[in-house]
Amino acid sequence: MSAPPRPTGPTRSKYHERSYTLLEAARKKAHEKKNYDFATTRDKPSQECVKRLGFAPYPEQLDLAECMLLGLNATSIAGTGWGKTLPFVQFQWKSGGARCANEVTFRIQIASRREARC
């Protein structure tokens, strides 16, 4: 099982490296237990994103979605408009859970408004 290419450049740090080590370990464990295939798992939501939104997700968005799917804790720190909500909905499309995805998006918007008031 070969891992996808890792991001390079100045954003890479010991924490970034640790995150990918944990993700790879979770992939391996899921592959052993459930014959999990990360390439197939990432490909379907990518295709659905292109179909529904007209663009392919960033690799980091797929990483975050995959962390959620595998039960890993993950934190995303990015600017407005980067697409932090997209990982929540990618696997919902796969399961047909549009209502759940909309609810998550709504809750994130409410939390953002509350945070802005503080």
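In table form, for the structure just shown:
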| quantity | calculated |
| --- | --- |
| Compactness of segment 24-83 as Cα Rg over 2.2 N^0.38 Å, two decimals | 1.21 |
| Solvent accessible area, Å² - Ser13, 1.4 Å probe, full protein context | 50 |
| Arg18 - accessible surface, heavy atoms, 1.4 Å probe, Å² rounded to 10 | 150 |
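The values are calculated or read from the model by the stated rules, or taken from the named source; none is laboratory data. As the structure is a prediction and not an experimental result, all values here were calculated from the model. Quick note on the areas: whole protein, heavy atoms, side chains included, nothing else; ligands and nucleic acids left out. Shrake-Rupley method; radii C 1.70, N 1.55, O 1.52, S 1.80 Å.
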